[in-house]
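S.K.: Quick one: the structure is below, questions incoming.
Every number here is computed from the coordinates shown, using simple stated rules; none is lab data. Quantities reported herein were computed from a predicted structural model and do not represent experimental measurements. FYI the Cβ positions are ideal-geometry reconstructions off the backbone, even for glycines, and counts take in every protein chain you see.
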Amino acid sequence: MSRRKTGNNQYLKQRNQTVILDLIRVYKQKSKTELAELTGLSPTAVGVITSCLLKDGYIHEAGTGDSKGGRRPILLALKPHSYYAIGVDVDVMYAKILLVDITGNIIEEKTQSVPKNATAKLTIAQIEQGILQMLAQKNIRIQKVLGIGISIPGLVNHKNRQVVLAPNLGWHNVDVYAHMKQFSDIPIYIENEAMASAICENWVGLCQGVEHFICINIQSGIGAGIFVNGNIYRGVGGSAGEVGHIVVDETGPRCGCGNYGCLETLASTYHMVQEAKKRVRQGIVSCLNDVEALACISIETIVDAARAGDQAAYHILKEAARYLGIALSNMINTLNPSKIVIGKEFVKYADLVLEDVYNIVQAKTLHFPTSNVEIIASKIGDKASALGAAIIPLKVLFGR
Ligand SMILES: [Zn+2]
């Protein structure tokens with residue numbers, strides 16, 4: 001859909017096209033008469049708009065509905081393989097790339113490896129290669145791609161498409177768009193990875209229609225995407241959601257930010273793995289001692305050991321959950337959300353510790369906000385940020 005504004009009439013036509021396209025998305029199938037009733041537009045105007053949408057291939061005729069006296073109405077629906085969007089989740093050693101269709105269904109996914117200590121330029125070039133290969137494999141022309149969303153583990157300026165700072169990637173003031181030479185004609189969107197996950201939960205996950213929620217990602221770092229009144233809350237400089245640096249124990253370990261006892265130093269998967277290695281070195285009785293080498297201990301081996309009844313491994317998970325509960329109680333008292341969704345690596349052990357998290361929250365939070373909040377594990381898992389990034393161009397198309 002052309003986004004040029006050649007005057008008020010053209011703008012209104014485009015606006016109405018967007019509204020109708022979004023209604024068809026929300027309701028899955030609607031007749032022209034129903035669309036006229038929902039929008040207040042005349043049947044003639046709806047006819048003109050839907051003809052354009054049919055001609056451009058965004059929608060198709062998907063059968064007929066029930067008759068209300070006359071002919072059975074033709075139902076219009078989104079045409080799944082008409083247009084596509086791409087989402088990329090950039091991490092230290094890899095980038096997860098997802099191709100979705102206009103309905104948000106995942107068509108293809110791949111993990112593109114990135115050399116250790118690669119420059120931003122090289123990483124982006126590898127991502128471009130991965131995207132081009134994926135499009136070629138699926139025989140999709142580049143003109144059919146609505147946009148590319150890129151999720152970054154760090155502070156981003158989503159307006160000028162710059163990564164301000166991504167410490168784990170070693171990126172500082174990186175102009176991602178300038179490096180994406182192969183896709184200079186396609187809209188590129190940059191988003192923080194936790195905010196991308198929150199967008200995903202809001203569009204297709206557990207927070208659809210939820211106005212006030214927090215989506216927390218637990219992995220080697222910890223961050224949150226916050227929705228207030230149905231919109232992302234970014235704060236004045238775009239750094240809202242850095243909940244990994246809430247201090248939960250002043251006497252705790254030193255954090256990369258220079259402070260002591262940040263949540264990230266006590267509840268991230270990186271911390272849990274370091275803690276497990278420390279205990280093995282100390283000779284504490286645990287089946288983690290049987291892991292081939294210290295370097296092989298991962299969050300998965302800790303979770304497997306805890307599930308097998310290993311008390312030392314279980315204790316590591318429970319301690320991290322306790323600190324998470326303390327941080328959540330601060331967030332709940334401050335923001336009064338109706339839902340908190342915890343995602344990424346947390347979903348691997350959520351069933352083992354969610355009750356502990358909830359008990360700490362109950363004990364440490366004011367009664368009123370606690371009675372209104374639901375704390376749950378994400379069902380989307382490690383794809384959430386890539387999928388959220390892919391959803392950004394779709395949100396633009398549907399005027400959201
Ligand atoms: Zn910190």
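S.K.: Considering only the other residues whose Cβ falls under 14 Å of the Cβ of Leu122, what net charge follows from Lys and Arg at +1 and Asp and Glu at -1? Could the numbers behind the result be given before it?
M.R.: Values: positive: Lys116, Lys121, Lys181; negative: Glu128.
Residues near Leu122 contribute +2 overall.
S.K.: Net charge around Ser338, counting only other residues with Cβ within less than 15 Å of its Cβ (Lys, Arg = +1; Asp, Glu = -1)?
M.R.: For residues surrounding Ser338, the net value is -2.
S.K.: Among Val303, Leu78, Cys207, whose Cα sits farthest toward the positive end of the charge dipole of the chain (+1 at Cβ of Lys/Arg, -1 at Cβ of Asp/Glu, about the Cα centre)?
M.R.: Positive-most Cα among the choices belongs to Leu78.
S.K.: Restricting to DSSP H runs of at least four residues, report the calculated mean residue ellipticity at 222 nm for the chain, -39500 (n - 2.57) per run over all residues, nearest 500 deg cm²/dmol.
M.R.: Working: 13 runs with 160 residues, N = 400.
So the calculated ellipticity at 222 nm is -12500 deg cm²/dmol.
S.K.: Tilt of helix 269-281 relative to the longest C-alpha principal axis of the chain, in degrees (0 to 90, nearest 10)?
M.R.: 20
S.K.: Then there's this: Take the Cβ-Cβ distance between Tyr11 and Val285 as r, set R0 to 60 Å, and report the resulting FRET efficiency rounded to the nearest 0.05.
M.R.: On the way: r = 70 Å, r/R0 = 1.17.
Given R0 = 60 Å and the Cβ-Cβ separation, E is 0.30.
S.K.: Same structure again: Can you find, among His315, Val280, Phe368, the residue farthest towards the positive end of the dipole of segment 208-379? Put +1 on the C-beta of Lys and Arg, -1 on that of Asp and Glu.
M.R.: Result: Phe368.
S.K.: Another question about this same structure. Can you tell me what percent of all Cα-Cα pairs in the chain are more than 35 Å apart? Show your work: numbers first, answer last.
M.R.: Working: 27897 of 79800 pairs.
In whole percent, the share of Cα-Cα pairs in the chain beyond 35 Å is 35.
S.K.: Also: What angle, in degrees between 0 and 90 and rounded to the nearest 10, separates the Cα long axis of helix 384-397 from the longest principal axis of the Cα atoms of the chain?
M.R.: For helix 384-397, the angle is close to 20 degrees.
S.K.: At what distance in nm do the modelled label points of Arg254 and Glu109 sit from each other, each positioned 7 Å from its Cα along Cα→Cβ?
M.R.: Computed distance between label sites Arg254 and Glu109 equals 3.9 nm.
S.K.: Then there is this: Helix 43-55 versus the longest principal axis of the chain: what is the Cα-based angle in degrees, 0 to 90, to the nearest 10?
M.R.: 60
S.K.: Taking the Cα centre of segment 46-110 as origin, work out the dipole magnitude from +1 charges on Lys and Arg Cβ and -1 charges on Asp and Glu Cβ, in debye rounded to 20.
M.R.: Values: 7 positive and 8 negative charges, 91 e Å.
That gives a dipole near 440 debye.
S.K.: Still on this structure, please answer the following. Going toward the positive end of the dipole of segment 268-400, with +1 on Lys and Arg Cβ and -1 on Asp and Glu Cβ, which of Leu335, Leu294, Ser385 do you reach last?
M.R.: So the residue furthest toward the plus end is Leu335.
S.K.: Can you list residues from other chains, or at least 5 along the same chain, whose modelled amide H is less than 5 Å from the amide H of Glu374?
M.R.: Amide H neighbours of Glu374: Lys339, Ile340.
S.K.: Taking the Cα centre of segment 8-78 as origin and charging only Cβ (+1 Lys, Arg; -1 Asp, Glu), how large is the dipole, in debye to the nearest 20?
M.R.: Details: 10 positive and 6 negative charges, 12 e Å.
Magnitude of the dipole: close to 60 debye.
S.K.: Please get the size of the charge dipole for the chain, origin at its Cα centre, with Cβ charges of +1 on Lys and Arg and -1 on Asp and Glu, quoted in debye to the nearest 20. Please list the in-between numbers first.
M.R.: On the way: 41 positive and 35 negative charges, 339 e Å.
So the magnitude is around 1620 debye.
S.K.: Can you grab the distance from the C-alpha centre of segment 249-277 to the C-alpha centre of segment 166-224, Å, no decimals?
M.R.: 24
S.K.: Do any of Lys32/Lys68; Lys28/Lys159; Lys79/Lys344 go past 21 Å between their Cα atoms, and which? Don't jump to the answer; show the numbers that get you there.
M.R.: Working: Lys32/Lys68 14 Å; Lys28/Lys159 31 Å; Lys79/Lys344 31 Å.
Exceeds cut-off: Lys28/Lys159; Lys79/Lys344.
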